[in-house]
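Novice: To start, I am sharing the structure in question, which I have written as structure tokens.
Readers should treat all values here as calculations from the given coordinates under stated rules, not as data from a laboratory. Just so it is clear, the structure is predicted and the values come from calculations on it, not from any experiment. Cβ: placed from backbone, ideal geometry, glycine included. Neighbour counts: every protein chain shown.
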Amino acid sequence: MNRTRLRTNPATWLASPPNPFPPANVAQVLATFSGLPSVYVYHGPGLLIRATGSDAYGKPAAAYGGGYWAEGSILSQVDANLDRFVGWLTAKTIAESKRLQFRALTALCEDWNDLSEFHQMEVPEGEVFEALAGPVKSQPLRSSLMPRHRRRRCCVAGSIRCS
């Protein structure tokens, strides 16, 4: 999927119509990035991926209701890199490695999403949309969602989130 960076302030973009965020939510969204994200215009065709497994309480994530998606091309690169080890590693090990890479690249805490399901959104040829994207901030391996999971191990982020 091709994208073009816009010269728009991310906070201004988030607070503007057609879907303006309240000021508190603007700060919350911007805090999920490891630096100041950028506003882009994306041009189809392309693919966006979202993990839609269940959280630690068994509540499933909304398949298409969430604002955070990963570009399919990034995940294709992960797959290609790990598929080099077919025949050297078991299929189970490769599949688990792909899940771990996805978790790290999207900075999803273990208790936010068990990565048991994924949904994709295909962006057809000619479709254009704007999105906020940038490197995501590292998250602890487990959030404070459940008090017994307050360890400070970390998922290192390096992917792109679109809002």
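Novice: If the requirement is being under 24 Å from ARG142 (Cα atoms), among the small types (Gly, Ala, Ser) and within 18 Å of the chain's Cα centre (by Cα), which of these qualifies: SER38, SER34?
Specialist: Matching residue, one of SER38, SER34: SER34.
Novice: Might you check whether a residue that is among the polar types (S, T, N, Q) and closer than 26 Å to VAL123 by Cα occurs anywhere in the range 79-87? Full working, then the answer.
Specialist: At the first step, the residues of the range 79-87 found to be among the polar types (S, T, N, Q) are 81.
Now restrict to residues that are closer than 26 Å to VAL123 by Cα: 81.
Yes: the range 79-87 contains one or more residues that are among the polar types (S, T, N, Q) and closer than 26 Å to VAL123 by Cα.
Novice: Within the range 84-140, which residues are hydrophobic (A, V, I, L, M, F, W, C) and in contact with a His (Cβ under 6 Å, 6 or more places away or on another chain)?
Specialist: VAL128
Novice: Yes or no: ALA15 among the hydrophobic types (A, V, I, L, M, F, W, C), within 25 Å of ARG99 (Cβ to Cβ) and surrounded by fewer than 17 Cβ atoms within 10 Å (Cβ to Cβ)?
Specialist: Considered against the rule, which asks whether it is among the hydrophobic types (A, V, I, L, M, F, W, C), within 25 Å of ARG99 (Cβ to Cβ) and surrounded by fewer than 17 Cβ atoms within 10 Å (Cβ to Cβ), ALA15 comes out as no.
Novice: Just to be sure I understand the filter: pairs with C-beta atoms under 6 Å, separated by 6 or more residues or on different chains, first member in the range 113-135 and under 29 Å from TYR57 (Cα atoms), second member among the charged types (D, E, K, R) and surrounded by 18 or more Cβ atoms within 10 Å (Cβ to Cβ). Which pairs pass?
Specialist: Here the result reads HIS119/ARG50, each pair linking the range 113-135 to a residue that is among the charged types (D, E, K, R) and surrounded by 18 or more Cβ atoms within 10 Å (Cβ to Cβ).
Novice: Now a separate question. Those residues that are within 20 Å of THR4 (Cα to Cα) and not hydrophobic (A, V, I, L, M, F, W, C), I need them from the range 19-40; list them, please.
Specialist: Residues satisfying the conditions are GLY35, PRO37, SER38, TYR40.
Novice: Considering only the range 22-71, state which residues are surrounded by fewer than 17 Cβ atoms within 10 Å (Cβ to Cβ) and closer than 12 Å to GLN120 by Cβ.
Specialist: ALA63, TYR64
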